Structure formats: C-alpha cells, structure tokens
1. Please specify each residue of the range 149-179 satisfying the condition of being assigned to a helix (DSSP H, G or I) and among the small types (Gly, Ala, Ser).
2. Residues in the range 136-143: is at least one more than 30 Å from THR35 (Cβ to Cβ), modelled with pLDDT under 85 and aliphatic (A, V, I, L, M)?
3. Considering only residues that are among the small types (Gly, Ala, Ser) and free of Cβ contacts under 8 Å to residues at least 12 places away in the same chain, look in the range 148-178 and name the one that is farthest from LEU36 (Cα to Cα).
4. I'm told ALA126 meets every condition in (1) at pLDDT 85 or above; (2) under 26 Å from ASN40 (Cα atoms); (3) not in a loop (DSSP other than H, G, I, E, B) except one. Can you identify the failing condition by its number?
Amino acid sequence: MAARVVHLCRLACVTLVCVVVASAGCAGYRLGNNTLYAPNVRTVYVPMIQSDSFRTTPSIDIGERLTEAVCKEIEKRTPFKVVGDPAADSVLTARVVADTKRMVVESPTDQSRMVEMNFQVLVTWADRGGAVLASGGVPLPAASVDVGQASMLVPEYGRSVASTQQEMITKMAQQIVGLMEEPW
C-alpha cells in the first residue's frame, strides 16, 4: 500500500513538472482581441482632429465629428482607453487634408444625379516618446499614413450631404482604428 502511494506521488510530481514545462513555452502568448493590439499601450490620447475642409454642418465641423467617431471606435473595438491627458501611453493625431466632391452622373438639365464625396486624412499614432508605432498592415516609413474614404451621394435615394458625410466619417474612423492593429 505504501509503495503504491509513493508511486502515485511520483507520478503526480512528474505530471506536474510536465505541465509546468509545457505551459512555460506558451507564456508569451496572448488571447482574445488583445493579440491584435500593442501590449505596451493601455491609453490613447486623441486631440481634436484638425480639418483643412471648408465644408461644415450648421453646428459641428468634420474634424469634431471625426474625432468623436474615432474615440467611440477605439473604445468599442480595442482594449485601449481613450483619455484626455496628453501624457497617455500613445497619441493618435489626424488631419483632414482634402474634402472633395465630384459629379459622376448628371441629368440632362445639369442637376446632380450621383456625386462622389471623398475625404483624405493624414494619421499618426505615436507612443509617449514620439516614436511612430509600426502597427497595422500599412508600413509606416514616414510619420503619418494617408487614409482615404469615398461615398456616393445619390439624391434620388433620399441621401443628403450630411448623411453621406456621416457614412464617410464612420468608415474613416473604422479605417483609422484598423491601423492600430499589429501585423500578423
């Protein structure tokens, strides 16, 4: 009986050692959506996005609307916390450099039937020391990445300039937050 207990104790010890050794090789792995994002970043400061565009809605300009959309998207999709302190772990800055409209289809009476609207935004995501965080599938040789988004304005389908702009802002925010993902 004592020999059997000793044998079971040895077997338990060997099993425990094997489990510890096997799991030690997996110590660097991360699980869940944390695998997509930089492990050394917990907070992100997003200053008001500047806009070179002259197009605004009656109450809020494009930069303010895009800032709000980016902050909401960061909170929704990433493990990062958006803070109002410039001393955060990282800073995400952006500037709307182009806001264009181009008529694609017009009626015989020269009215717009379909208009393409486009935003171009320069985005930089840097850590506290100012080093650009090389993340996303886009290589970052310079300090910023040019991101574009287009949407179609079709008045016959009940679309307005404001609703088309909001669609572009939402998609642009998704693209910007997508740049924060680490490459595989």
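1. First pass over the range 149-179, keeping only residues assigned to a helix (DSSP H, G or I): 155-157, 161-178.
Within the range 149-179, ALA162, SER163, ALA173, GLY178 meet the criteria.
2. Checked against the condition, which is being more than 30 Å from THR35 (Cβ to Cβ), modelled with pLDDT under 85 and aliphatic (A, V, I, L, M), the range 136-143 yields no hits at all.
3. Narrowing the range 148-178 to residues among the small types (Gly, Ala, Ser): 148, 150-151, 158, 160, 162-163, 173, 178.
Then keep just the ones that are free of Cβ contacts under 8 Å to residues at least 12 places away in the same chain; that gives 158, 160, 163.
Values: GLY158: 38, SER160: 36, SER163: 31 Å.
It comes out as GLY158.
4. (1)
The values are calculated or read from the model by the stated rules, or taken from the named source; none is laboratory data. Keep in mind that what you see is a predicted model, and the values were worked out from it rather than measured. Reconstructed Cβ throughout: ideal geometry from the backbone, glycine too, with neighbour counts over all protein chains shown.
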